[in-house]
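Q: I have a structure here, written as structure tokens, and I will follow up with some questions on it.
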Amino acid sequence: MGHFIGAALCGDAIFADWAARANILCVATVEEISTFLNTEPVDWIFSVANPFLLPPDVFGRVRRGAFNYHDGPLPRYAGTHATSWALLAQESEYAITWHRIDDGVNAGELVVRRQVLIAPTDTALSLNLRCHEAAVEGFRELLTGLAKGKLTARPQALVDRSYFPRHRRPDAAGCLRWDRSAQELSAMTRALGFGPYHPNPLCLPKALVGDEVVTVRRLEVLSRRSGFPAGSLLEIHSSHWRVATGTQDVEVCFGSSDGQLLDARALASITVAYLSVV
């Protein structure tokens, strides 16, 4: 479309290497981008998966406007880790949004929305990846609208707003409560599944096994309901346990702190036939 990138603000080494190869100035702090804007005015700022909070003296100095990509369906799921909170809520429909940047957090006018369906097996990783794909398509739509002067902005219905601050954590710090439904336990495990490529920014799904806290690597909901009390250890296999919950039974695999799967039989030797209910 003939656009020119004046500078990029990023703390990621891989992106910084790409920017260097593309002869794009890459800075690592908000202060540096502010200094750049003192001498190099720009038309637009685009904030994409950006961990930096841009102050008004930065986005207010662009000539035409500033926009942010948010991985949630604003005004709902404003804040951080939106995809994980949506999975915890067992949402089936979702969306990403591009919005104007103003003084509030994720509160500016909406300009682009792309629907993203949530699959029953989605994890935080898989949903994040599909949201990023939708964001790319949404960015093309945003640029086209800006180039043609046909971008439609609409205010958010802030009465419907929900906000998740960075410090918020799931109930019981991610410890599974076996008296909950199997679907809730699955949602907790998947919502905290960020994969091996990125440090977990929220918390790990875990279970109390005896006096130990053990990371849960995978949880599968079974069709059968045994009828035993929630937390009963029903079967022990080398790779997993079968455990009773508030509804159907589940198969659970455990992992170590370095990401390796644990021997479920060996783990069973330190517990009893009834797991702790947080």
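Q: Within region 153-164, is there a residue that is outside any loop (DSSP other than H, G, I, E, B), at pLDDT below 95 and either more than 27 Å from Gly108 (Cβ to Cβ) or among the β-branched types (Val, Ile, Thr) (or both)?
A: Taking every residue of region 153-164 in turn, at least one turns out to be outside any loop (DSSP other than H, G, I, E, B), at pLDDT below 95 and either more than 27 Å from Gly108 (Cβ to Cβ) or among the β-branched types (Val, Ile, Thr) (or both).
Q: So, in region 89-106, of the ones that are touching a helix residue (DSSP H, G or I) at 6+ places or on another chain (Cβ under 7 Å) and surrounded by 19 or more Cβ atoms within 10 Å (Cβ to Cβ), which residue ends up nearest to Ala187 (Cα to Cα)?
A: Once the filter is applied, the top-ranked residue is Tyr94.
Q: I've got another one for you. Can you name the residue in region 120-149 that is outside any helix (DSSP H, G or I) and out of contact with any helix residue (DSSP H, G or I) (no Cβ under 8 Å at 6 or more places or on another chain) and is also surrounded by the most Cβ atoms within 10 Å (Cβ to Cβ) among such residues?
A: Within region 120-149, the match that is surrounded by the most Cβ atoms within 10 Å (Cβ to Cβ) is Pro120.
Q: Out of Leu151, Leu142, report the one residue that is in contact with a Gly (Cβ under 7 Å, 6 or more places away or on another chain), over 29 Å from Pro199 (Cβ atoms) and either basic (Lys, Arg) or touching a residue at least 40 places away in the same chain (Cβ under 8 Å) (or both).
A: Leu151
Q: Mind telling me which of the residues Phe46, Phe67 ends up being in contact with a helix residue (DSSP H, G or I) (Cβ under 7 Å, 6 or more places away or on another chain) and either acidic (Asp, Glu) or in the same structural domain as Arg140 (by TED's automatic domain parsing) (or both)?
A: Phe67
Q: Still on this structure: Look through region 171-201, keep the residues that are in a loop (DSSP other than H, G, I, E, B) and touching a helix residue (DSSP H, G or I) at 6+ places or on another chain (Cβ under 6 Å), and return whichever of them is surrounded by the most Cβ atoms within 10 Å (Cβ to Cβ).
A: Going residue by residue through region 171-201, those that are in a loop (DSSP other than H, G, I, E, B) are 176-181, 192-201.
Pick out the ones that are also touching a helix residue (DSSP H, G or I) at 6+ places or on another chain (Cβ under 6 Å) and you get 176, 192-195.
Numbers: Leu176: 27, Leu192: 25, Gly193: 22, Phe194: 19, Gly195: 12.
The qualifying residue surrounded by the most Cβ atoms within 10 Å (Cβ to Cβ) is Leu176.
Q: Trp44 versus (1) modelled with pLDDT under 90; (2) in contact with a Lys or Arg (Cβ under 7 Å, 6 or more places away or on another chain): which is the lone unmet condition?
A: The one condition Trp44 does not meet is (1).
The values are calculated or read from the model by the stated rules, or taken from the named source; none is laboratory data. This structure is a prediction, so every number in the text was calculated from the model and none was measured. Note that we place each Cβ from the backbone using ideal geometry, even for glycine, and neighbour counts take in every protein chain shown.
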